[in-house]
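Enquirer: Pasting a structure here, questions to come.
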Amino acid sequence: MLILAKAALAMMLGFIFAIICGLIFIPMLKKVNFRQHVSKTLGSRHLAKEGIPTMGGIIFIVPVLITLFLLYIRGSIELSYNLIIVVFVFLSYALLGFIDDWLKVRYNNNVGLRISTKFLLQMVIALIFFYIFMKNGGEPILRITSLNLIIPLGWAFGLFILFVLVGSSNAVNITDGLDGLCGGLCVFAFLAFGIISWNTGWMEGYQEVAIFCFVLVGALLGFLLFNSYPAKVFMGDLGSLALGGVMASIAVITRHELSLVLIGGVFVIETLSSMIQIIAIRKFHRKVFKMAPLHHHFEQLGWKETDIVKAFYVVGLLLAMAAITYGVWL
């Protein structure tokens, strides 16, 4: 019961602070003209969203930091190295996303950072995470708990970490294309990782990492009040890169890297649809989907935006429940 009480408090604080931040930051974002530029290729539906404030990720990032600080000074949580590296990844990818968003706003386009520069900076953050993780007792192994199997990776573990963090941050970023889609899916994902983290009693600071997840769930729910259809603000790369990066870091420190594929199944599918489309166009000069990523394909088929989001929510929730079963019970 104490676990449930702590989780409820964490989500409640994250939710309340997110609402307060939304009421404060959205008018500020409008005032400084941090507004979304929409590509004409997305059609008339999305052109109507031109000028909506972006960089809304600050609405759930700030509440997480405030809540963790308050819980720390109250003595409810401790500063473990696992919590520190999780917060480091969270803020580092948020900063990278902020730079990308700022350049888009500054030059009124959707270009932002060059792909090569963005990818390089994502790798640098992942390498720093890998160094800290290994310095504090991390093992270069891949663990499959349901089969009681441990696979030693050696030096290849570093490449694996790079792939997981960079891939996850980009996958969440790609999925952020419809009102409430990415935020809602991340609610299910971090709820699953919060429960999984609390079950990893062998890990230093496991409760703090779990509480981080639950605070973030509450903050995301508060953010969705402003981001669900019709959106009053978008999270931008500031939010999506931070969510994807920290999701991967939690998967690594809890040794549930494979669970990430299941928990983030919708993000994986969205990314694969984009990759398949690119390969099909470049190699075979034809499209597999009407538009990629997948959520835009359903839009082109005539689905309502809200119906697409609902369908993806159902899939995301089912995958998260399956991952909890695998990660905690099996």
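The values are calculated or read from the model by the stated rules, or taken from the named source; none is laboratory data. Bear in mind the structure is a predicted one, so any value in this text is a computation, not a measurement. No Cβ is skipped: glycine too gets one built from the backbone with ideal geometry, and neighbour counts run over all protein chains shown.
Enquirer: Restricting to segment 306-330, what's the tally of residues that are more than 17 Å from the chain's Cα centre (by Cα) and either closer than 26 Å to Ile253 by Cβ or not small (Gly, Ala, Ser) (or both)?
Expert: 15
Enquirer: Continuing with this model, one more query. Leu42 versus (1) modelled with pLDDT of 95 or more; (2) touching a His at 6+ places or on another chain (Cβ under 9 Å): which is the lone unmet condition?
Expert: Evaluating Leu42 over (1) modelled with pLDDT of 95 or more; (2) touching a His at 6+ places or on another chain (Cβ under 9 Å) leaves (1) as the failure.
Enquirer: If I filter segment 144-158 for residues that are among the β-branched types (Val, Ile, Thr), outside any loop (DSSP other than H, G, I, E, B) and touching a residue at least 40 places away in the same chain (Cβ under 8 Å), do I get at least one hit?
Expert: There is at least one residue in segment 144-158 that is among the β-branched types (Val, Ile, Thr), outside any loop (DSSP other than H, G, I, E, B) and touching a residue at least 40 places away in the same chain (Cβ under 8 Å).
Enquirer: For segment 195-209, what are the residues that are in a helix (DSSP H, G or I), surrounded by fewer than 24 Cβ atoms within 10 Å (Cβ to Cβ) and β-branched (Val, Ile, Thr)?
Expert: Ile195, the sole residue that qualifies.
Enquirer: Okay, next question. So which residues in segment 238-276 are among the acidic types (Asp, Glu) and at pLDDT 95 or above, if there are any at all?
Expert: The one that is among the acidic types (Asp, Glu) and at pLDDT 95 or above: Glu270.
Enquirer: Looking at Lys49, is it basic (Lys, Arg), part of a helix (DSSP H, G or I) and either out of contact with any strand residue (DSSP E or B) (no Cβ under 7 Å at 6 or more places or on another chain) or more than 23 Å from Val209 (Cα to Cα) (or both)? Outline the logic, then answer.
Expert: Working: basic (Lys, Arg): yes; part of a helix (DSSP H, G or I): no; either out of contact with any strand residue (DSSP E or B) (no Cβ under 7 Å at 6 or more places or on another chain) or more than 23 Å from Val209 (Cα to Cα) (or both): yes.
Spelling it out, it is not the case that Lys49 is basic (Lys, Arg), part of a helix (DSSP H, G or I) and either out of contact with any strand residue (DSSP E or B) (no Cβ under 7 Å at 6 or more places or on another chain) or more than 23 Å from Val209 (Cα to Cα) (or both).
Enquirer: Would you mind telling me which numbered condition in (1) buried (at least 24 other Cβ atoms within 10 Å of the Cβ); (2) touching a strand residue (DSSP E or B) at 6+ places or on another chain (Cβ under 6 Å) Arg255 fails?
Expert: Exception for Arg255: condition (1).
Enquirer: Could you give me the residue pairs with C-beta distances under 7 Å whose first residue belongs to segment 61-87 and is over 26 Å from Trp202 (Cβ atoms), whose second residue is among the aliphatic types (A, V, I, L, M) and buried (at least 18 other Cβ atoms within 10 Å of the Cβ) wherever it lies, and which are 6+ apart or on separate chains?
Expert: Ile61/Ala94; Ile61/Ala242; Pro63/Ala18; Pro63/Ala219
Enquirer: Taking the options Phe226, Phe212, Phe234, name whichever one is over 13 Å from the mean Cα position of the chain (by Cα), surrounded by 22 or more Cβ atoms within 10 Å (Cβ to Cβ) and not in a helix (DSSP H, G or I). Step through it out loud before you land on a result.
Expert: Working: Phe226 fails: not in a helix (DSSP H, G or I); Phe212 fails: not in a helix (DSSP H, G or I).
Exactly one of Phe226, Phe212, Phe234 is over 13 Å from the mean Cα position of the chain (by Cα), surrounded by 22 or more Cβ atoms within 10 Å (Cβ to Cβ) and not in a helix (DSSP H, G or I), namely Phe234.
Enquirer: Anything in segment 78-109 that is of a type in the set (Ser, Thr, Tyr) and either under 18 Å from Ala171 (Cβ atoms) or in contact with a Lys or Arg (Cβ under 6 Å, 6 or more places away or on another chain) (or both)? List them, or say none.
Expert: Ser92, Tyr93
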